[in-house]
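Here is the structure we will look at.
The values are calculated or read from the model by the stated rules, or taken from the named source; none is laboratory data. The model shown is predicted, which means the values in this text are computed figures rather than measured ones. No Cβ is skipped: glycine too gets one built from the backbone with ideal geometry, and neighbour counts run over all protein chains shown. When the accessible area is computed, the model is the full protein with side chains, heavy atoms only, and any ligands, DNA or RNA have been set aside. Shrake-Rupley method; radii C 1.70, N 1.55, O 1.52, S 1.80 Å.
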Amino acid sequence: MAARKSSAPLIEVTARPGQPLGMAPATFLRDFWQKRPLLIRNAFPNFQTPVQPEDLAGLACEEGVLARLIEHDKTQDGWRVRTGPFQEDVFPALPDHDWTLLVQDVDKWDPDVRALIEHFSFLPRWRMDDVMISFAATGGSVGAHVDQYDVFLLQAHGHRRWQIDASESIKGKQPPLGFRPDVELKLLKVFKPTHDWVLAPGDMLYLPPNVPHHGVAEDPCLTFSFGMRAPSSAELISDYLDTLIADADENIRYQDADLKVPADPHEIDTVAMARVITALNAIRMNDPDKLGDWFGRFITTYRAAGEVMAHQAAPAQEEVVQALASGLLLQRHPWARLAWRRAKRGASLYVSGQDFALPVKDAQRLAGTEQLDAAAYRGLSDKGRAVVQQLLVGGVFQLIDPNEVYEAEDEEDGEDAVVLGEVVEGRDRVDAIDADAVSDDVHTVTVHDDGIEVIVNFEDDEEDDSGAGRA
């Protein structure tokens, strides 16, 4: 590689122990964030993907999963896009080249993928949207394009060649951003790369919004895309106006007590327009708390992966205390989004479009953790525990047993397979849970209006070789 001129802006670094960005986070935010791209070699040293291609294909066949299959006919430069869920026989029928499977929100379905988000704690957590994973056969690509948001592209398996056009950030020259009219994908008409790299597992490429890029698989590969939430001005205004309309005071109206005889009764003159502006200004949110509450509710529902479903009934607060004392945990639903904000008094906690007034410490703790054990629950104020109870009723939290799975031998291949317990339906109303009766085999305990639902694990026996049974 040719020696780099000293005047050329830095665009490639190698990560170092304690500095996965190759620099301090504050330096990255100052010099690169939303300013110019950065290739970070070995950002995740010795990275081992938690998701295999067959796992991704299986997920793409599930209802409720956002998946796309993109095929490229290189002979005619034609593109075909299919959306999931897919039938299982789709993937074996594909060739060994020139196609890509994209699955969004994998972090909502896989806890190991979700755990990777913690590596980006130098960014506001509410800015992180999702982890999209792509599997590409050799030659697979989605074409040259731009994204309207910041993205970190982590190479997880195999190798992908990335070409980017960084001319705007390094030369101050905006690249052409027109789209091709002949394909349903938003592909660039013109793409002239300034940089060309092949990424190996553990390498990561950061791209600010509107940087043209093109990735092509050198061999079968997986790429993890950590995308940021970037609502457009139209989305912000639309939701903001909905809130203004809902809360508008009908007594605030267009007024013209200072009306003079008009020179032309058909003219909307400048004085009338000044009155319009006065009326509009009167209904905007001048209260920072009201404005903050609107944004908190909006950003925790923006581009939500799915709806968090409420239980028919949740255990009473005393039952929750007993269950936690027995070793169960309160686990946050993976689709729930939480953030918090300091208010004039205390704080506001935002949970998937809802807002709750809480002490600052409670809001911080609930927004920053996915699990609550007995000690963490006791550390909350009475108000904090009451909010947890509301979230439990709404399905945002659920009681789980941390030892909810066990290993059983799979008869077909002799390998160990994870087996979950099965639901045992309650027939009589149960008003309390005896903590001493909650054994290590209990998976989840949920009290409904029509009974108690208990998920338990069963050991294999000679009568039932499926690994689970219903009592």
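Below is a table of values for the structure above.
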| quantity | calculated |
| --- | --- |
| Label-point separation in nm, Arg41 to Ser381, each point 7 Å along Cα→Cβ | 5.2 nm |
| Distance (nanometres) between label positions extended 7 Å along Cα→Cβ at Ala272 and Glu307 | 4.5 nm |
| Calculated FRET efficiency for the pair Thr14/Asp287, C-beta based, R₀ 56 Å, to 0.05 | 0.70 |
| Cα pair distances exceeding 16 angstrom across region 264-334, given as percent | 75 percent |
| Estimated FRET transfer efficiency when R0 is 51 angstrom, pair Gln371-Asp249 (beta carbons, to 0.05) | 0.75 |
| Phi to ³J(HN,Hα) by Karplus 6.51 cos²θ - 1.76 cosθ + 1.60 over region 109-126, Hz, x for Gly, Pro | 9, 10, x, 5, 5, 4, 5, 5, 4, 4, 5, 10, 6, 7, 10, x, 4, 6 |
| Exposure of Lys35 as accessible area (Å², to 10), given a probe of 1.4 Å and all protein chains | 110 Å² |
| Along principal axes, Cα extents of region 117-250, largest first, whole Å | 63, 36, 31 |
| Trp335 - accessible surface, heavy atoms, 1.4 Å probe, Å² rounded to 10 | 50 Å² |
| Net charge over other residues, Cβ less than 13 angstrom from the Cβ of Val320 (K, R count +1; D, E count -1) | -1 |
| Net length gained if the chain between Thr83 and Phe122 were fully extended (0.36 nm per residue, minus Cα distance) | 10.7 nm |
| Computed E for Arg161/Glu235 - FRET, C-beta separation, R0 41 angstrom, nearest 0.05 | 0.75 |
